Amino acid sequence: MVTGKLYSKSSLTGLGAAAAVVMSWSSTAYAAEDVNIALMYSVGPESNWDRVIVEALDRVAENNSHGVSVSYDTKDSVYGDEAESVMNLLAKTGKYDIILSATAHSDQIQNLSDKYPDTMFVSLGSGNYNTGPNHYLMYGRVHEAAYLLGMLASSMSKTGVLGAVGSFPADDINDQINAYRAGAQAVNADAKVKISFIESWYDPQKAIEATFAQNAAGADIVYQLAGEVYEACRDKEILCFGMIEDTHEMAPDVVLSSSVLTWDPAMDWMLGEWVQAQKEGKFAGNEEAVWYGMADGGSDIAPYHALEDKVPEDVKAKIEAARADIISGKLEVPLVLDVPVSD
């Protein structure tokens, strides 16, 4: 079991009116009120993981967080040597203050962070490690929301068997499935969870096939953590949960709720670190990835929407009480990164 570290907004440092001052850092002049970002997709805009990152960047830019004007460009998904080549070209142009990777690119950044000390490299998600003072790590944890979905699934299931379809057994997938099971068993100690990994970040067909298999094993509610399983759930007349964003509109007849990841607090922290670096003339980096929980606005569960009438009032009350306890700190959902196996 691993516990995460929370960073509150109160710990961030802003730059106020003095941000308009142009400062010299190394051989490059920076206007502290402007920051240009290159976002490297993990999959592409069809992936909800990438979509919520873009949406957060849009909101942070609109809010003029830390008094900086934010602009960004998105780049196609690449890995390995190609990813290093792309990041090298992005940094070499001098156009981008921050290169933001939506996936595990630390191996590539390790070869670039010293070469471009004035560029801030930021990595999102699991599989990353710090490579130098200008490299920052952020997680998108939604395990607290997954715990609530597990409670909801266990309360609604007729078979006592739940499903979870994951992409890879990565830390930020494992934490959700383990919390999902913990929430389910908090309601029904005998609840079982069937788990499948499709070994792809995005493959709806594999996810559908895995859902069919889980339903055949008795699962009557499935937590979708890879691709979309709506077609399979509709075919088998079972309910499902979306991951990362509210996906109810994609299948309003089967999506009961979703875990919701809000990157805004993390993006705000990132910009605060960038501004602080401009003030001090150096980056600080971080060895331990920053993440924000439900109490800090980093995650939540989606409304029941058109399926609200399917949820009994006592179940709604139970979920809302647990949600309030998580936000207040009364209920702590353990962050467990062990690879989960089917019951």
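The values are calculated or read from the model by the stated rules, or taken from the named source; none is laboratory data. This structure is a prediction, so every number in the text was calculated from the model and none was measured. Here Cβ is always computed from backbone atoms with ideal geometry, including for glycine, and neighbour counts include all displayed protein chains.
Has the range 149-160 got at least one residue that is of a type outside the set (Val, Ile, Thr), part of a strand (DSSP E or B) and in contact with a strand residue (DSSP E or B) (Cβ under 6 Å, 6 or more places away or on another chain)?
Residues of the range 149-160 that are of a type outside the set (Val, Ile, Thr), as a first pass: 149-158, 160.
Okay, now just the ones that are also part of a strand (DSSP E or B), so none.
Checked the range 149-160: no residue is of a type outside the set (Val, Ile, Thr), part of a strand (DSSP E or B) and in contact with a strand residue (DSSP E or B) (Cβ under 6 Å, 6 or more places away or on another chain).
Can you say whether Ala102 is of a type in the set (A, V, I, L, M), in contact (Cβ under 8 Å) with a residue 60 or more places away in the chain and surrounded by 14 or more Cβ atoms within 10 Å (Cβ to Cβ), as far as the supplied structure shows?
Criteria met by Ala102.
Would you point out which residue out of Ala213, Ala186 is closer than 29 Å to Gly127 by Cα, of a type in the set (A, V, I, L, M) and either part of a helix (DSSP H, G or I) or in contact with a strand residue (DSSP E or B) (Cβ under 6 Å, 6 or more places away or on another chain) (or both)?
The match here is Ala213.
Could you list, in sequence order, the residues of the range 280-296 that are assigned to a loop (DSSP other than H, G, I, E, B) and not acidic (Asp, Glu)?
Scanning the range 280-296 gives Gly281, Lys282, Phe283, Ala284, Gly285, Asn286, Ala289, Tyr292, Gly293.
If you scan the range 210-226, which residues turn out to be surrounded by fewer than 24 Cβ atoms within 10 Å (Cβ to Cβ) and either without any contact (Cβ under 8 Å) to a residue 12 or more places away in the chain or of a type outside the set (D, E, K, R) (or both)?
In the first step, residues of the range 210-226 are kept if they are surrounded by fewer than 24 Cβ atoms within 10 Å (Cβ to Cβ); the result is 212-213, 215-218, 220.
Selection gives Phe212, Ala213, Asn215, Ala216, Ala217, Gly218.
Do you know which of the residues in the range 258-279 that are assigned to a helix (DSSP H, G or I), in contact with a Ser or Thr (Cβ under 9 Å, 6 or more places away or on another chain) and not hydrophobic (A, V, I, L, M, F, W, C) is surrounded by the most Cβ atoms within 10 Å (Cβ to Cβ)?
Pro265
Just one of Ala56, Ala91 is in contact (Cβ under 8 Å) with a residue 40 or more places away in the chain and among the small types (Gly, Ala, Ser); which is it?
Sole residue among the options that is in contact (Cβ under 8 Å) with a residue 40 or more places away in the chain and among the small types (Gly, Ala, Ser): Ala56.
Can you pull out the residues in the range 183-199 that are among the small types (Gly, Ala, Ser) and crowded, with 19+ Cβ neighbours inside 10 Å?
Gly183, Ala184, Ala191, Ser196
Tell me which of these Gly44 doesn't satisfy, since it passes every other one: (1) outside any loop (DSSP other than H, G, I, E, B); (2) within 23 Å of the chain's Cα centre (by Cα).
Here Gly44 clears every test but (1).
Matching residues to (1) under 23 Å from Pro303 (Cβ atoms); (2) touching a strand residue (DSSP E or B) at 6+ places or on another chain (Cβ under 8 Å):
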| residue | (1), (2) |
| --- | --- |
| Ile208 | no, no |
| Tyr223 | yes, yes |
| Tyr230 | yes, yes |
| Ile238 | yes, yes |
| Met243 | yes, yes |
| Thr247 | yes, yes |
| Asp264 | yes, no |
| Asp268 | no, no |
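Restricting to the range 273-326, count the residues that are more than 26 Å from the chain's Cα centre (by Cα) and closer than 30 Å to Tyr129 by Cα. Give the derivation first.
We begin by selecting, within the range 273-326, every residue more than 26 Å from the chain's Cα centre (by Cα); these are 278-282, 309-315, 317.
If we keep only those that are closer than 30 Å to Tyr129 by Cα as well, we get 278-282.
Selection size over the range 273-326: 5.
Condition first: among the β-branched types (Val, Ile, Thr) and surrounded by fewer than 24 Cβ atoms within 10 Å (Cβ to Cβ). Now tell me which residues in the range 127-172 satisfy that.
Matches in the range 127-172: Thr131, Thr159, Val161.
Are any of the residues in the range 280-288 within 23 Å of Gln224 (Cβ to Cβ) and surrounded by 14 or more Cβ atoms within 10 Å (Cβ to Cβ)? Break it down into steps so the answer makes sense when it comes.
Initially, the range 280-288 is screened for residues within 23 Å of Gln224 (Cβ to Cβ), giving none.
No, there is no match, as no residue in the range 280-288 is within 23 Å of Gln224 (Cβ to Cβ) and surrounded by 14 or more Cβ atoms within 10 Å (Cβ to Cβ).
Out of curiosity, is Ser328 touching a Gly at 6+ places or on another chain (Cβ under 9 Å), more than 21 Å from Ala191 (Cα to Cα) and among the polar types (S, T, N, Q)?
Taking the combined requirement at face value, the residue does not satisfy it.
In the range 45-62, what residues are surrounded by fewer than 18 Cβ atoms within 10 Å (Cβ to Cβ) and modelled with pLDDT of 90 or more? Steps first, answer last, please.
Taking the range 45-62 as the starting set, the residues that turn out to be surrounded by fewer than 18 Cβ atoms within 10 Å (Cβ to Cβ) are 45-46, 51, 54-55, 58-59, 62.
Of everything in the range 45-62, those that are surrounded by fewer than 18 Cβ atoms within 10 Å (Cβ to Cβ) and modelled with pLDDT of 90 or more turn out to be Arg51, Val54, Glu55, Asp58, Arg59, Glu62.
Could you list, in sequence order, the residues of the range 317-343 that are within 16 Å of Gly150 (Cβ to Cβ) and outside any loop (DSSP other than H, G, I, E, B)?
Lys318, Ile319, Glu320, Ala321, Ala322, Arg323, Asp325, Ile326 - these are the residues of the range 317-343 that are within 16 Å of Gly150 (Cβ to Cβ) and outside any loop (DSSP other than H, G, I, E, B).
If I filter the range 227-252 down to residues being among the acidic types (Asp, Glu) and either assigned to a helix (DSSP H, G or I) or touching a His at 6+ places or on another chain (Cβ under 9 Å) (or both), which single residue comes out as surrounded by the most Cβ atoms within 10 Å (Cβ to Cβ)?
Looking at the filtered set, the residue picked out is Asp246.
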